[in-house]
Amino acid sequence: MFTARLRNSRNAEITLTGRETEYQIISIKGLNPPSAHLNTSNVAGLDGALYNSGRLNTRNIVITARINGNVEGNRQILYDYCPTKEKVRFFFKNENRDVYIDGYVDSVECDLFTNSEKMQISIICPQPYFVDVADTQVDGSTLTKLFTFPFSIDLGSPIPFSEYVFDDDVNLYNDSSSEIGMIIEAYMRTDVSSLVIRNTGTGESFGLVYAFESGDRVTIDTIKGQKSITLLRDGVYYNLFSALQPGSKFFQLASGDNFFNYIVDGNIANNPEVDLKFTFFKMYRGV
């Protein structure tokens, strides 16, 4: 069993499955891993060719559905949900995966002069990966509970309820079939002048130098096609690309383990100046 639905650029959604009195899905093409474009070079005296590079092609989702019931009315409803050239998000859920992919409506074809009317919706997806609807979040610090019962309080020595424990290395495990970007959120608990995040496995780093104030929240998006650095201060958003240090890398998570730590004002973490949170979405070549 599977479910399929569409969300258009106006955030209006329509479910295409489980409503056979109106729409009956006949087929959905483009759910398998996309084809790849391989660049090779021929070398004199060498059989075959040398591999240079490769990339995945765009994905083409093609939905074919039979229109039932009030055929003309139901067909026109789909026109409204799938306007050509407009952006649309396709959701697909089966027994093992619950994913979505963004694309643009390429065409909507329908034979108006048949007894059993069918519609074909073609969606071109520039980014070919399916994205898991559920995110994975990892905190750079953990809250350790210290308040237990029974207890007694010495007025001269207050008892803390809890404390932050800052790990030297944070492990981000990427269970995807390829490398992926992520979103890093840094919350400043005090005034900070510099923040450096490091991938201890690759040696890559991402540095910001700025007069951060207590309460500032910085969001770093390393997802391909939407890279950004944003500062939220007193309810106002600011572009922070000017604070990016030369040589900084927008991290990509390799499949498997990825270890990170961070430096605040020249000191390795293990301090309460900054709370760091990592968020990423698993991505799949096919469902």
As a test of the formula, what do you get for the chain when each DSSP H run with n ≥ 4 contributes -39,500 (n - 2.57) and the sum is divided by the residue count, at 222 nm and rounded to the nearest 500 deg cm²/dmol?
-1000 deg cm²/dmol
Once you put a point 7 Å from the Cα of S228 and another 7 Å from the Cα of E109, both along the Cβ direction, what distance in nm separates them?
3.7 nm
Take the alpha carbon gyration tensor of the range 11-51, find the square roots of its eigenvalues, order them as a ≥ b ≥ c, and report rounded if a/c is under 1.5; if not, report prolate when a/b exceeds b/c, else oblate.
prolate
For the chain, take the longest principal axis of its alpha carbons; what is the angle in degrees between that and the long axis of helix 71-81, to the nearest 10 within 0 to 90?
30 degrees
Pick out, from I220, N70, L112, the residue whose Cα sits farthest towards the positive end of the charge dipole of the chain, with +1 on the Cβ of Lys and Arg and -1 on the Cβ of Asp and Glu.
L112
Give me the extension gain from F241 to R66: residue separation times 0.36 nm, minus the current Cα-Cα distance, reported in nm with one decimal.
58.0 nm
So for R0 = 35 Å, FRET eff. of E204-A12 from the Cβ-Cβ r, to 0.05, ends up at 0.30
Point-to-point label distance, S255-V43, nm (Cα→Cβ direction, 7 Å offset)
2.6 nm
Spin-label pair K118/T3, simplified geometry with 7 Å Cα→Cβ offset, distance in nm
2.7 nm
Return one quarter of the surface area of the convex hull spanned by the alpha-carbon atoms of the range 165-287, equal to its mean projected area, in nm².
8.0 nm²
Residue-normalised value, i.e. accessible area per residue, for the range 1-142 at 1.4 Å probe, in Å², stands at 59 Å²
Among all the lysines, which ones have a C-alpha under 24 Å from K118's C-alpha, if same-chain residues fewer than 8 places away are not counted?
K29, K85, K87, K93
Please report, in whole Å³, the volume per residue of the convex hull around the C-alpha atoms of the range 19-73.
106 Å³
How large are Rg and Dmax for the range 1-110 when only the alpha carbon atoms are used, in Å?
18.9, 67
Pop out the carbon and sulfur fraction of the accessible area of the chain as a percent, whole number, probe 1.4 Å.
49 percent
Let me spell out the model: positive unit charges on the Cβ of Lys and Arg, negative unit charges on the Cβ of Asp and Glu, origin at the Cα centre of the chain. What dipole size does that give, in debye rounded to 20?
1020 debye
Stokes-Einstein D for the chain (37 °C, 0.692 mPa s, Kirkwood Rh from Cα pairs), in µm²/s, comes to 143 µm²/s
When the convex hull of the C-alpha atoms of the range 209-253 is computed, what volume per residue in Å³ does it have?
91 Å³
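The values are calculated or read from the model by the stated rules, or taken from the named source; none is laboratory data. As the structure is a computational prediction, the values presented were derived from the model and not from experiment. Positions of Cβ are backbone-derived with ideal geometry, glycine not excepted, and every protein chain shown enters the neighbour counts. Note: accessible area is taken over every heavy atom of the protein model, side chains too, but ligands, DNA and RNA are not part of it. Shrake-Rupley method; radii C 1.70, N 1.55, O 1.52, S 1.80 Å.
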